[in-house]
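Visitor: The structure that follows is given in the form of structure tokens.
The values are calculated or read from the model by the stated rules, or taken from the named source; none is laboratory data. No experiment lies behind these values; they were computed from the predicted model shown. Reconstructed Cβ throughout: ideal geometry from the backbone, glycine too, with neighbour counts over all protein chains shown.
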Amino acid sequence: MRPRLAGIEFAAVYSSPMARARKTAEIAGFVTPVITPLLREFDYGDYEGITSVQIHSRNPDWDLYRDGCPGGESPADVYRRASEFLELAATAKGAVLAFAHGHILRAVAVAWMQLEIAAAARLRLDVATLSLLVEGEHGHELAMWNAP
């Protein structure tokens, strides 16, 4: 039997390998998601462990989705990874549920809609929210975003 939530049957449930995403999946009732490194958070490289405020004090014009992180991933790297996740999800042949992190999920959304990666900076995404990407009458659509 396929996993279900709120009446939705999922062909596949995926999670980032990071503990916080796996724990969220478990709390939501999905104890055995498929773990994929495609959903890991942005590699912050030299910026790992410091806040955006601290980064901006060093580099006031810095933007994650434009500049990436020194010693870490570029925006193009993250967009490519997001696109690869979408290709993986498409093999499930049905609804897919993903547990991951804000920055990679924003990249997945813009890759879904075939927008430039820089557009991800304009998508607010809070913790513990739901978003829904669908095939609609206008192609790949964002049907719900950042819902509590």
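Visitor: Assess whether ARG20 counts as being basic (Lys, Arg) and farther than 15 Å from GLY102 by Cα. Spell out the reasoning first.
Guide: Numbers: basic (Lys, Arg): yes; farther than 15 Å from GLY102 by Cα: no.
Answer is no for this residue.
Visitor: OK, next. What residue, among those in segment 117-138 that are among the small types (Gly, Ala, Ser) and either modelled with pLDDT of 95 or more or in contact with a Phe, Trp or Tyr (Cβ under 7 Å, 6 or more places away or on another chain) (or both), is nearest to VAL96 (Cα to Cα)?
Guide: Only one residue fits best here, namely SER131.
Visitor: Ok, one more. Would you please name the residue that is surrounded by the fewest Cβ atoms within 10 Å (Cβ to Cβ), looking only at residues in segment 118-141 that are under 16 Å from SER83 (Cβ atoms) and under 14 Å from the mean Cα position of the chain (by Cα)?
Guide: ALA119
Visitor: Moving on to the next point. Collect the residues in segment 102-116 that are over 15 Å from ALA147 (Cα atoms), touching a Phe, Trp or Tyr at 6+ places or on another chain (Cβ under 9 Å) and of a type outside the set (D, E, K, R), keeping them in residue-number order.
Guide: Those that are over 15 Å from ALA147 (Cα atoms), touching a Phe, Trp or Tyr at 6+ places or on another chain (Cβ under 9 Å) and of a type outside the set (D, E, K, R): HIS103, ILE104, ALA107, VAL108, VAL110, ALA111.
Visitor: While we're looking at this one, here's another question. With the checklist (1) over 20 Å from the mean Cα position of the chain (by Cα); (2) under 23 Å from ALA128 (Cβ atoms); (3) polar (S, T, N, Q) in hand, flag the one item ASN59 doesn't pass.
Guide: (2)
Visitor: Within segment 80-100, count every residue that is of a type in the set (Asp, Glu) and free of Cβ contacts under 8 Å to residues at least 40 places away in the same chain. First the steps, then the outcome.
Guide: Initially, segment 80-100 is screened for residues of a type in the set (Asp, Glu), giving 84, 87.
Narrowing further to those that are free of Cβ contacts under 8 Å to residues at least 40 places away in the same chain: 87.
Summing the residues that are of a type in the set (Asp, Glu) and free of Cβ contacts under 8 Å to residues at least 40 places away in the same chain in segment 80-100 gives 1.
Visitor: While we're on this one: Looking for something part of a helix (DSSP H, G or I), within 28 Å of VAL34 (Cα to Cα) and touching a Leu at 6+ places or on another chain (Cβ under 7 Å) - is there at least one such residue anywhere in segment 65-82?
Guide: Kept after step one, since they are part of a helix (DSSP H, G or I), are these residues of segment 65-82: 65-67, 75-82.
Add one more test, that the residue is within 28 Å of VAL34 (Cα to Cα), and what stays is 65, 75-82.
In the following step, the residues that additionally are touching a Leu at 6+ places or on another chain (Cβ under 7 Å) were identified as 81.
Yes, segment 65-82 contains a residue that is part of a helix (DSSP H, G or I), within 28 Å of VAL34 (Cα to Cα) and touching a Leu at 6+ places or on another chain (Cβ under 7 Å).
Visitor: Quick check on my filter: what residues within segment 12-48 are small (Gly, Ala, Ser), at pLDDT 95 or above and surrounded by fewer than 17 Cβ atoms within 10 Å (Cβ to Cβ)?
Guide: The answer is ALA19, GLY45.
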